[in-house]
1. Suppose we look only past 12 Å in the calculated P(r) of the stretch 24-71. What percent of the Cα-Cα pairs does that tail hold?
2. Once you have the Cα-Cα distance between T320 and A291, take 0.36 nm times their residue separation minus that, and quote the gain in nm to one decimal.
3. Can you give the net charge of the other residues whose Cβ lies under 11 Å from the Cβ of F104, counting K and R as +1 and D and E as -1?
4. Go ahead and set up a Gaussian network model of the chain, Cα springs under 10 Å, then flag whichever of A134, A113, A148 fluctuates most.
5. With r as the distance between the Cβ atoms of K165 and K311 and R0 = 56 Å, compute the FRET efficiency 1/(1 + (r/R0)^6) and round to 0.05.
6. Restricting to Cα atoms and excluding each atom paired with itself, what does the Kirkwood estimate give for the chain in Å?
7. Seen from all sides and averaged, what is the projected area of the convex hull of the Cα atoms in the stretch 31-168, in nm²?
8. Per 10 Å bin, what percent of the C-alpha pairs of the stretch 212-319 does each bin hold, from zero upward?
Amino acid sequence: MSVDSNKERVFIFDTTLRDGEQSPGATMTLEEKLQVAESLDEMGVDIIEAGFPIASNGDFEAVVAVAKQVKNSTVAGLARAISADIDRAGEAVRHAQKGRIHTFVSTSPIHLAHQMKKTEDEVIEIIARTVSQARNLIDDVEWSAMDATRTPMEFLKRCVETAIKAGATTINLPDTVGYAVPEEHFAMFKEIIETVPGADKAIFSVHCHDDLGMAVANSLAGVAGGARQIECTINGLGERAGNAALEEVVMALRTRGDAMPYYTEIDSTQLSRVSRIVSAASNFPVQYNKAIVGKNAFAHESGIHQDGMLKNAETYEIMTPASVGIKETTLVMGKHSGRAAFKDKLKELGYDLGDNAFQEAFQRFKDLADRKKHVYDADIVALVDDEVGSV
Ligand code: KIV
Ligand code: ZN
C-alpha cells in the first residue's frame, strides 16, 4: 500500500491462533492452523501469535510448524511467568526467521489476591526474573500485564518500568475482561508512555476484549494514546465475547485516516478471503451483519439506499467492496426495494419493458416480496415472463 509520510505505522499482532482458538469450540487442527498462518503471513500481518507452547504437545508442535512455515511475519509463542513455560516457548519460536516470546503476569488486585496469591513486591520480582530469562533466549520479548485496565496506575507503572529494565521490547496492556471505556483507555496509555522511565525504548500494545462491545473503539483509543501495536483476531474470535476484530481495526484506520493519522501494512483486499478461511477452520460462522466481512456488509435492500447506490456508490458506502476483497455491492431484491433497483435488475436479466408492463411487473414483484423472505433472480424471471406472456 502507499504510505503517507504524515502517518505513523501501527503493527498488527494477530492472535487468532492463540486467543482466537481459546473461543470455546474453535479448536483447529494442525493443517488448519498452517493454512490460517499462511494466509495471515501473505496478508501482511506483522506478528502471528501461533499458540501457547506449554499448553499441550499439540500446541507446541503447531507453534514449531508455523514458525518453520512463515516467511515474513514474526512468530510469537505465549508463556506464563513460569520458567518452564518460557523455555518451552523459546524452544518453539527459535525455528522462526523472526521469533518472539510473549510472557505475561497478572497485575490487578483481584487477580493478585484470588488467583495468584502474591503481593505487589512479589509480582515485581517475578517480572524482573521472567523477562530477563526470556531475554536471555531471544532478542524480541513482549511482556503483558494481564488485567492491566483494573490495575492501580502507580503499581502498573512500576511493573512496566521493571519489564522494560529487564529487557522487554514490547509492552502490552491488555483489557483482559473488556472493562475499559475509550476515554480511560486513551488516558492509561498516554500517562504510562509519558511518565514511565524508559518507555521510549519499548513499543506499546493494545489487547482488547469485547465483553461490552468496545474492543475496537478501545484499541483505536489506545493507539491515539501512543500504542503502536494492536492485538486482534480475524472475525473477532477470542475468549468469551472475543477480541478486537482485525478487519475492523485495519479498515477503520484505512477509511478514517483523516481523523486517525496511522497506517498498517495489511493488504486489505485479502480480508474477505482470510475471514472465510478462519471461519471454516474454526467452525465459527460469521454473522450476516458483521462489519467488513459479513454477508450483508455491502448489501442494500431499502429502495432509498438502492436508488442512491445506483446514482453514486458513495451515497451509502464508506469503503468499496473491492478494498476488502468483495467482488461487488449487492442490491438485494426484497419488499423494501424501489423502482430504480427493480429496473436495474430487469436490465441485468435482459428485459426492457414498456411503462405499463413495467408497472404491472413491479406491483407483482412487491406482492411476491411481501410473501417471500428472499426474492431470487429466478422468481423475477418467472413473474416477468408470466406478465409478458399474459399481455
Ligand atoms: O487477555 C489477556 O490478558 C491475554 C493475555 C495473555 C495477553 O490474552
Ligand atoms: Zn486476551
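We did not get these values from a lab; they are worked out from the coordinates using the rules stated. Note that the structure is a prediction, hence the values are computed from the model and not measured. Glycine gets a Cβ as well: all are built from the backbone with ideal geometry, and neighbour counts include every protein chain shown.
1. Values: 670 of 1128 pairs.
Summing the P(r) tail past 12 Å for the stretch 24-71 gives 59 percent.
2. Working: separation 29, 0.36 × 29 = 10.44 nm, distance 1.31 nm.
Value of the extension gain: 9.1 nm.
3. Values: positive: R80; negative: D85, E142, D147.
Every neighbour counted, the sum reads -2.
4. In the Gaussian network model the winner is A113.
5. After rounding to 0.05, the efficiency reads 0.40.
6. On the way: mean 1/r = 0.0438 Å⁻¹.
That comes to 22.8 Å for the chain.
7. On the way: hull surface 33.0 nm².
If you wrap the Cα atoms of the stretch 31-168 in a convex hull and average its projections, you get 8.3 nm².
8. 13, 40, 33, 13, 1
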